[in-house]
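I have placed the structure first, in the form of structure tokens, so that the comments after it can refer back to it.
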Amino acid sequence: MKHIVITGSTRGIGYGLVDAFLDLECSVTISGRSQENVDLAASKLVKHHSLESVLGIACDVRNPDQVQTLWDQSISQFNKIDIWINNAGFSGPQLAAWETPPEKARGIIETNLLGEIYGSMVAARGMLAQGYGAIYNMEGMGSDGRMHTGLTYYGTSNAGRNYFNSSLIKETEGTPLIIGTLRPGMVVTDLLTKQYEDRPEDWEKDKRIFNILADRVETVCPWLAEQMLNNDQHGAKISWTSRWKIMGRFLTSPFSKRNVFEEPTS
């Protein structure tokens, strides 16, 4: 049984990955900033999965000591960590760069970029000591140079992530580590919808595009989990979307009315 640690996994893509790995008979450590959120997520998971397969630990990825504790407690419980996923991150309010409060800008950069750096530091040291392991880091809008009005700091953090990941892959060549990146594309989570809480008119305007480009957590995460479990390539870039998939979505949109915001029927 492989053991997986996922930061920022009490909701959204992180939670979806936890659920997917548990379905694939892995054990998983979930984490989030507050113990309350961690306990709530764990209580939902154990309704459908074995209690022995789930460990919940509060961890603020902006604090390297807490990240180290996340590693240490996971090792203490499961004796190994096969895959470490740096997923924690958020986009912040959709505002012009000069309108964004400094504390919000700092929070985005510290969580998305420094959080990924601290997680990679801790996981790389631990995995080199145990002799194996894989680290997967999230990338998003800005990683490939794309820009979006109102998301300057989120894009900046992802541009930094891209450089960091490329350098980390280069530095770990010849070691027993596998380093890879994840690009889930546009997924329906709080990260997407909360940007529109105070802008209902913009939401109605943009929702049409989201229904073309976006996908649901339960569609994307099982695929990502299987790709990571099956990957043995150092430097792998695991991407759900592609230019051809996006083109196909736009071409077929007049004939295929998708509604990714509608809850699926069981």
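The values are calculated or read from the model by the stated rules, or taken from the named source; none is laboratory data. For clarity, every value in this text was computed on a predicted model and none was experimentally measured. Quick reminder, even Gly has a Cβ in these numbers, built from the backbone with ideal geometry, and neighbours come from all protein chains shown.
Go through the residues of region 193-214 one by one and say whether even a single one is assigned to a loop (DSSP other than H, G, I, E, B), modelled with pLDDT under 95 and surrounded by 20 or more Cβ atoms within 10 Å (Cβ to Cβ). The answer is yes; a qualifying residue exists.
Close Cβ contacts (under 6 Å, 6 or more residues apart or on different chains) running from residues in region 76-93 that are farther than 20 Å from G115 by Cα to residues that are outside any helix (DSSP H, G or I) and modelled with pLDDT of 95 or more comprise Q77/L55; F78/H3; F78/S27; K80/H3. Put simply, of E116, E139 the only residue that is closer than 30 Å to R199 by Cα, surrounded by 15 or more Cβ atoms within 10 Å (Cβ to Cβ), within 21 Å of the chain's Cα centre (by Cα) and charged (D, E, K, R) is E139.
Conditions (1) at pLDDT below 90; (2) of a type in the set (D, E); (3) farther than 19 Å from G235 by Cβ; (4) assigned to a loop (DSSP other than H, G, I, E, B), marked per residue:
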position: R106; (1), (2), (3), (4): no, no, yes, no
position: I109; (1), (2), (3), (4): no, no, yes, no
position: N112; (1), (2), (3), (4): no, no, yes, no
position: Y118; (1), (2), (3), (4): no, no, yes, no
position: M121; (1), (2), (3), (4): no, no, no, no
position: N137; (1), (2), (3), (4): no, no, no, no
position: R146; (1), (2), (3), (4): yes, no, yes, yes
position: T149; (1), (2), (3), (4): yes, no, yes, yes
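What pairs come up if the first residue lies in region 217-245 and is surrounded by fewer than 16 Cβ atoms within 10 Å (Cβ to Cβ), the second is in a helix (DSSP H, G or I) and at pLDDT 90 or above, and their beta carbons are under 7 Å apart, counting only those six or more places apart or on different chains? Correct list of pairs: E218/G16; G235/I169. Each residue in region 154-173 was checked for being of a type in the set (K, R) and either in contact with a Ser or Thr (Cβ under 8 Å, 6 or more places away or on another chain) or within 10 Å of E139 (Cα to Cα) (or both), and 1 of them qualify.
Scanning region 215-250 for residues that are assigned to a loop (DSSP other than H, G, I, E, B) and either aliphatic (A, V, I, L, M) or modelled with pLDDT under 90 (or both) turns up R216, A236, W240, T241, S242.
Screening A129 on (1) farther than 21 Å from V220 by Cα; (2) surrounded by 14 or more Cβ atoms within 10 Å (Cβ to Cβ); (3) among the hydrophobic types (A, V, I, L, M, F, W, C) shows it passes everything except condition (2). The lone criterion from (1) assigned to a helix (DSSP H, G or I); (2) at pLDDT 95 or above; (3) under 21 Å from the mean Cα position of the chain (by Cα); (4) not acidic (D, E) left unmet by Y154 is number (2).
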